[in-house]
Amino acid sequence: MRYNKEFFDLQIRFAQTVAALIDMPIEKALLDYTNIYVRFGLGRAFDQHHPIWRCYADGLSQSVDLCDWTYGFYLARAEVTQTRSTVATSGCFSYAIHNAECVRIHFENVEPATVSPLSIDRLPVRREELRSLFDHVRRNQREATRVAGTSWLYNLRSYRRCFPDEYSASVKVAESRFRNMSLWGQFLDRHGAVRVGVAENFTRRLSHIANLKDLVCSFPLQALAVEAPIEQFYRFYRV
C-alpha cells in the first residue's frame with residue numbers, strides 16, 4: 001500500500017509539536033514519535049546512524065518544506081519491499097511469530113469497498129477466517145502457547161467480538177507506541193488515505209497541548225495490547 005502525503009504531514013505536525021514542547025531536535029522527534037522510519041523500509045531498529053536515515057535527516061535542514069522533503073524521500077523508496085514476518089493469511093487476518101511461544105494477530109481490510117468488514121453480518125465470516133488461521137497455527141506452530149495483539153482496533157467492540165472473551169478482557173493501554181502503526185493506523189482508510197474528520201480533530205487537539213500527558217491524550221484512540229493462552233483460541237474456534 002502506498003500512503004498519501006497527508007499521512008506524513010500529520011506525523012510531521014505531531015513531531016513539530018513534540019519538538020517545541022520538550023525542546024527536542026526535530027530529527028529526533030521524527031525518529032522517536034512517528035512511524036516515518038518504518039515507512040522508509042528501514043526496519044524497527046530505529047538507528048539514528050542508519051545511512052538512509054542520515055541522508056533523510058541531513059536533508060531536513062536544507063529543505064524549505066519538511067513535508068515535501070519527507071514525502072519525496074518516501075516516494076523515492078516506495079519500491080523497497082515493506083517486510084513483515086507474516087506466516088499465514090486468512091481473509092482479513094494474518095499472524096506472525098513474535099517468538100517460538102507467541103503468535104501475533106494482524107488485521108487488514110480486504111473486503112469490497114461497499115462492505116463493512118466488522119459489521120455484525122460479517123462476524124461469521126471473520127470468525128471463520130480466524131478458525132482457519134488458528135487451524136494453521138495448531139498444525140505448524142506446535143511450540144506456541146500464547147496469542148498477542150496490539151492495535152487501536154481493540155477499542156472497537158465490533159473487532160473484539162471476533163475473539164475469545166478472555167483475550168478481549170485482557171486489554172490494556174500499550175505505552176509509548178508513537179513509532180507504530182498500532183497507533184497511527186487509526187488515521188487511515190483502506191487505501192492509505194487520511195480520514196479527514198479524524199485527522200482534523202487530532203490537529204485541533206495538537207494546538208492545545210501543554211504537557212507530555214496531553215501528547216498521549218491527543219490521539220482519538222489509544223493503542224491497546226491483548227494477550228491470552230492459545231488454548232482459549234483452539235477451544236473458541238473449535239480447531
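For the reader, a short list of remarks on this structure follows.
- Subset of region 204-239 that is β-branched (Val, Ile, Thr) and at pLDDT 95 or above - its residue that is nearest to Leu10 (Cα to Cα): Val226
- Qualifying residues in region 6-27 (those that are closer than 18 Å to Lys213 by Cα and free of Cβ contacts under 8 Å to residues at least 60 places away in the same chain) - the one surrounded by the fewest Cβ atoms within 10 Å (Cβ to Cβ): Asp23
- Residue within region 189-202 that is without any contact (Cβ under 8 Å) to a residue 24 or more places away in the chain, under 22 Å from Ser116 (Cβ atoms), among the charged types (D, E, K, R) and touching a helix residue (DSSP H, G or I) at 6+ places or on another chain (Cβ under 9 Å) present: yes
- All conditions in (1) over 21 Å from Thr89 (Cβ atoms); (2) assigned by TED's automatic domain parsing to the domain that holds Asn35 hold for Gly192, with the sole exception of (1).
- Here is the figure for region 189-232: residues that are closer than 21 Å to Thr17 by Cα and not β-branched (Val, Ile, Thr) total 24.
- Pair list, Cβ < 9 Å and 6+ apart or interchain, from region 115-132 residues that are within 17 Å of Val147 (Cα to Cα) to residues that are exposed (fewer than 12 other Cβ atoms within 10 Å of the Cβ) and not aromatic (Phe, Trp, Tyr): Arg131/Arg238
- Residue in region 75-87 that is crowded, with 16+ Cβ neighbours inside 10 Å and either in contact with a Phe, Trp or Tyr (Cβ under 7 Å, 6 or more places away or on another chain) or part of a strand (DSSP E or B) (or both) present: no
- Residues of region 46-74 that turn out to be assigned to a loop (DSSP other than H, G, I, E, B) and closer than 19 Å to Arg179 by Cα, as a count: 5
The values are calculated or read from the model by the stated rules, or taken from the named source; none is laboratory data. Since we're looking at a predicted model, the values are computed, not measured. Every residue, glycine among them, receives a Cβ derived from its backbone with ideal geometry; neighbour counts consider all protein chains shown.
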